[in-house]
Amino acid sequence: MKKSIILLISCIAICFYSCDDYLDLTPISEETTANGYNTAGQIEAALVGTYESFQSSEYYVWDFVVFQDIRSDNCYAGGDNPEIFQVDFLEIESTHTRIFEHWSNIFNAILKANLVIDRVQVIDDPFLSEERREQILGEALFLRAYHYFTLVKMYGGVPLLTEPVVSAEPEAVNIPRATVDEVYGQILLDLEEAVVLLPDVYGGDASINKGRATSGAANALAAKVHAQKPAPDYGAVLDHIRALEQSSAAYQLIEFPRLFDGNNYNNAESILEVQYLGGDEGNFGPQLLLPPSISGDAWRKFATPSVDLVNAFDEENDEIRKNASIIFESVQWVDEFWGNSPGSSIPFGYKWKNASGFASADNTYLLRYGDLVLLKAEAFNELGELSQAVDEVNRIRNRVNLPDLTSEQSSSQEVMRNTILKERRLELFLEGHRWDDLVRYDKVVETMNNLVEIDLRTGQPFNYNMTPEKILLPIPQQELDRNPNLTPNP
């Protein structure tokens, strides 16, 4: 929804809205901060509206692929959308509609979480137990932290809103950017509290345990935050991953193809995923990726796996993850990197398996244990525990029938950094991690400028002209125009 944050603030004071019965609750359609959110049912419904942002915000539905995989070395833009080509070519301007849309939608999600955090602590209702009150608070704190983590990685420092905003007066909404460190500090404060408040599980229903924030999800996210922040704390990364591994939720690696066959969501490896029901409550992302034989249409798709990525799978003889992640099909359109003529066989993203006419029931993993195992390897490596880092990487490799790392692949800390980064690329393709990984490893400028992808129309490699100033997205021009206290990124 392409509205300025000032309008969003006005709207959030009036209503929560939802397109689904996520968590088996129906959100209230109209409440105000003055007379609403006074009962257990109302605050539960408000929490549902907060989760719903994972389904209504296009970044979480689809554009995490655009800004993580297409912007990096994993995919080309494909399709015919000029704004996606701008992301692919690293020519993103402040007027790009997607960066404003994501800024608005994600802040909208934060404002929803703030209202739940504020109101749940003062509700006097015998039907709201203290245990459930603490859980709701923990869930909302987790959600606020998740959304701020998304924002700080995309834009750097952003305005910190930690209380409900019910006024549209300039002094209430024209908030300056906090520093990157301040944003990360707030994220970690929220997550440390959420870890304590949240249960390991809510009961025996996997769709609830994987569809709602748990202590495991809070520990997983905290580990990722400690690794991604400007001064990583790898000791804290290990502490949170160990706590995750001790959870009664019993997270474990499962067979890689089962993660992405469309039939085994809410599995033992999943920590948190977006729950789609299909139909009116479906996921439109798969339709934008899958080939004509599955999607039922004949137009060029919006994310084509790159030659460099396919070569990376082939260099490792990584057939299991490649076949679960990519499918080749002959098409009648022209792809300038995979044949440049009709009838060429080109790759398609394949981690979603069912398109269902823009209404897929395929879920999206927000957090899964395989990611955390490789992050654990990274932490061990950065702390000088090379052999333990190797053991964790081998766990990931062995489950897809790849041999243990060779001495050449693990001979030093710097060699292991490159090995882990490559392993993460093959493991997490199309899951919204690649750009963040390259940034965290300080490899994004080097990787994009060394990328050799031949445009078959000219026979020449494409030049991405990557610079450090392009690491962050521009602050949306609409927000700069509206809020004089905001400053642009370089």
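Stretched out straight at 0.36 nm per residue, the stretch from Gln332 to Arg482 would grow longer than its current Cα-Cα span by 49.4 nm.
The mean sequence distance of close C-alpha pairs (under 8 Å, at least 6 residues apart), as a share of the length of the chain, puts its relative contact order at 18 percent.
Taking each residue as 0.36 nm, the span from Arg242 to Thr467 lengthens on full extension beyond its C-alpha to C-alpha distance by 77.3 nm. Mean sequence separation of contacting Cα pairs (under 8 Å, at least six apart), scaled by the length of region 192-269, corresponds to a relative contact order of 27 percent. Residues whose amide H falls under 5 Å from that of Ile271, counting only those 5 or more places apart or on a different chain, are Leu367, Arg368, Tyr369, with hydrogens built in the peptide plane. Given their separation in residues at 0.36 nm each and the Cα-Cα distance between them, Asn311 and Glu169 gain 45.7 nm when the chain is fully extended.
Where only DSSP H runs of four or more residues are counted, the chain gives -13500 deg cm²/dmol as its mean residue ellipticity at 222 nm, each run worth -39500 (n - 2.57).
When the charge dipole of the chain is built from unit charges on Cβ atoms (+1 for Lys and Arg, -1 for Asp and Glu) and taken about the Cα centre, the candidate among Ala250, Ser344, Tyr234 whose Cα reaches farthest toward its positive end is Ser344. For the chain, the fraction of C-alpha pairs farther apart than 43 angstrom is 12 percent.
With a Förster radius of 30 Å applied to the C-beta separation of Ile454 and Glu281, the computed FRET efficiency comes to 0.10.
Taking the charge dipole of the chain about its Cα centre, with +1 at Lys and Arg Cβ atoms and -1 at Asp and Glu Cβ atoms, the residue from Asn398, Ala217, Ile326 reaching farthest to the positive side is Ile326.
Within region 290-309, name every residue whose backbone N is under 16 Å away from a label modeled 7 Å from Cα of Phe358 along the Cβ vector. Under 16 Å, as judged by backbone N against the label point of Phe358, lie 290, 295-302 of region 290-309.
When region 201-341 is described by a simple charge dipole with +1 on each Lys and Arg Cβ and -1 on each Asp and Glu Cβ, the residue from Ser207, Pro286, Asn263 located farthest towards its positive end is Ser207. Taking chymotrypsin sites (Phe, Trp or Tyr not before Pro) across region 114-150, the ones in a DSSP loop with at most 12 further Cβ atoms lying within 10 angstrom of their Cβ are Phe127.
Computed over region 285-362, relative contact order equals 39 percent, with contacts defined as Cα pairs under 8 Å that lie 6+ residues apart.
By the equivalent-ellipsoid construction on the alpha carbon gyration tensor, region 285-362 comes out with semi-axes of 20, 17, 9 Å, ordered largest to smallest. Shape class for region 137-226: prolate, because the ratio a/c of the largest to smallest gyration tensor axis (alpha-carbon atoms, square roots of eigenvalues) is 1.5 or more and a/b beats b/c.
Every number here is computed from the coordinates shown, using simple stated rules; none is lab data. Fair warning: this is a prediction, and the values are worked out from it, not measured in the lab. For neighbour counting, all protein chains shown are included, and Cβ atoms are generated from backbone atoms with ideal geometry for every residue, glycine included.
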